[in-house]
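First up is the structure itself, then whatever we jot down about it.
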Amino acid sequence: MKKKLTFLGIETSCDETAAAVIRENEQGTANVLANIVSSQTKEHEKFGGVVPEIAARSHVENIDFIVSKALKESKLNFDEIDGVAATAGPGLIVCLSVGLNMGKTIAGILKKPFVAVNHLEGHALSPGLENNLNFPYLLLLISGGHSQYLIVHDVNRYKQLGTTIDDALGEAFDKTAKMLNLGYPGGKEIESYAKRGDKNFFKLPLPIINKAGCNLSFAGLKTAVLRETKKINQNETFKHNLAASFQETVIKILSKKTEVAMDQFLKNTKKQNAAFVIAGGVAANASIQKELISVSKKRNFYPIFPKLEFCGDNAAMIAWAGIKRFKKKLIDNFEIKAKSRWPLDSEAPYMKGPGLIL
Ligand code: KG4
Ligand code: ZN
């Protein structure tokens, strides 16, 4: 019987300081022995977004404690760890470096293998923590920093089908919440305000809905929301209606673009009844879930929403990606540096900035 691997994972790419210890199990999934996430949202709340210097300082202050806590909770000793994985990108260099250096140091002292993980690969493989999934599958990653459709062919083998050409979806939720004075991050608040609003009250734009394949765009939607908030004094009914109309517009966009992505997936892989994984913080939204489940049923895909604790940023997914890469002999040396940009599909066109032709 092959040895079941145990990995320590570390994640500091944005505003969460996280460490986890996971072990492979007989079912081909993972036993999560510890999954510690320390969120900095309170520190960034008053600025309405992540402030890199504050985030980096906070990671430095917390990382020792979070790693020790994960190890203590796992009830293991350092010498029972088979390898260390840490996020090396994409993200803020000052933040990434904290976790990356910590990971290299621990691996160096323990003389254990070190794996540098792409944060997006962490999200992409995260459903494997709980599910025995077959490759290839379709992934929609919708978080505060990313919005992408990808074919997950295998570990280290991705095809990007579409991405946002401007804001990430979580960012659009957060900015809308900010305009309605609902705090930061505001995705959850928008969802709860939307429950009591009229989703057809405001007619908002559906940017690039009928073009550019399954690429996404949310900047025009955000500007339209801003325009509405400038027109009249905001009362609670107004906020409910605008939150509901915004969310409904997002649902229409995701519904249409998901069908396009599913067509592309089928054309590319010829695989029927594949899984459709929806990950990232925005995947927590119940109305979005409902719509994407219905699209999946219609198109014979099997929808999977990882548990919330593995959907948002966490280190269990980094440790899992570390184990998967290690088994493919994708091991790194201590020279590796943090990368601010690191697409999963290196051949995907860069979809931002002036000169973009859709
Ligand atoms: O994946 P995540 O935890 O961190 C990033 O990698 O960004 O995602 C955070 C994002 C935030 O923009 C937050 O507003 C959004 O996920 N979010 C939601 C909901 N819960 C969190 N958006 C819409 N509806 C929700 N229920
Ligand atoms: Zn993330």
Legend entry - Per-pair calculated FRET efficiency, R0 = 45 Å: Asn235 and Asp79 via Cβ, rounded to 0.05: 0.15
Inset, instruction - Compute the relative contact order of the stretch 245-341 as a whole-number percentage, counting only Cα pairs closer than 8 Å that sit 6 or more residues apart in sequence. - result: 27 percent
Inset, instruction - Please count, across the stretch 295-358, the pairs of lysine residues with Cα atoms under 27 Å apart that sit 8 or more places apart or on different chains. - result: 15
Inset, instruction - Using 0.36 nm per residue of separation minus the Cα-Cα distance, give me the extension gain between Asn273 and Phe201 in nm, one decimal. - result: 22.2 nm
Inset, instruction - Using a Gaussian network model of the chain whose springs link C-alpha atoms within less than 10 Å, name the residue from Pro303, Pro185, Pro207 with the highest mean-square fluctuation. - result: Pro207
Inset, instruction - Compute the normalised compactness of the chain: alpha-carbon radius of gyration over 2.2 N^0.38 Å, N being the residue count. - result: 0.99
Inset, instruction - Determine ³J(HN,Hα), in whole Hz, for all residues of the stretch 273-280 in sequence, where each value follows from phi through the Karplus function 6.51 cos²θ - 1.76 cosθ + 1.60 and θ = phi - 60°; x replaces Gly and Pro. - result: 6, 6, 7, 10, 9, 10, 10, x
Legend entry - Folded to 0 to 90 degrees: helix 52-74 orientation relative to the chain principal axis, Cα: 50 degrees
Legend entry - Cα-based helix-to-principal-axis angle, 219-231 vs the chain, degrees rounded to 10: 50 degrees
Inset, instruction - Can you spot the aspartates and glutamates whose alpha carbon is less than 19 Å from Lys211's alpha carbon? Ignore those fewer than 8 places along the same chain. - result: Asp166, Asp167, Glu259, Asp263
Inset, instruction - At 7 Å along the Cα-to-beta-carbon direction for both Lys256 and Glu130, put a label point, then send me their distance in nm to one decimal. - result: 3.2 nm
Inset, instruction - Would you kindly derive the ³J(HN,Hα) couplings of the stretch 189-198 from the backbone phi angles with the Karplus curve 6.51 cos²θ - 1.76 cosθ + 1.60 (θ = phi - 60°), listing them in order in whole Hz, with x for Gly and Pro? - result: 5, 4, 4, 6, 5, 4, 4, 9, x, 8
Inset, instruction - Pull up all non-local amide H partners of Ile22: gap of 5 or more, or a different chain, and H-to-H distance under 5 Å with H placed in the peptide plane. - result: Phe7, Gly9, Leu33
Inset, instruction - Mind sorting Ile323, Ile318 by how few other Cβ atoms lie within 10 Å of their own Cβ, fewest first? - result: Ile323, Ile318
Legend entry - Value of [θ]222 nm, deg cm²/dmol, for the chain, DSSP H segments ≥ 4, -39500 (n - 2.57) each, nearest 500: -13000 deg cm²/dmol
Inset, instruction - Quote the Stokes-Einstein diffusion coefficient, in whole µm² s⁻¹, for the stretch 137-305, based on the Kirkwood radius over alpha carbon pairs, a temperature of 20 °C and a viscosity of 1.002 mPa s. - result: 133 µm²/s
Legend entry - Fewest-first sequence of Trp320, Trp342 by Cβ atoms within 10 Å of each Cβ: Trp342, Trp320
Legend entry - Nonlocal amide H pairs with Tyr302, under 5 Å, H built at 1.01 Å: Ala274, Ala275, Phe276
Legend entry - Exposure proxy order (Cβ contacts within 10 Å, fewest to most) of Lys104, Lys178: Lys178, Lys104
Inset, instruction - Let me have the relative contact order for the chain, percent, based on Cα pairs under 8 Å that are six or more residues apart. - result: 24 percent
Inset, instruction - Taking the chain as the reference, fit the longest principal axis to its C-alpha atoms, fit the long axis of helix 93-110 to the helix C-alpha atoms, and give the angle between the two in degrees, 0 to 90, nearest 10. - result: 20 degrees
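Here, each number is a calculation from the coordinates, and none is a lab measurement. No experiment lies behind these values; they were computed from the predicted model shown. Glycine also receives a Cβ, built like all others from the backbone with ideal geometry; neighbour counts cover every protein chain displayed.
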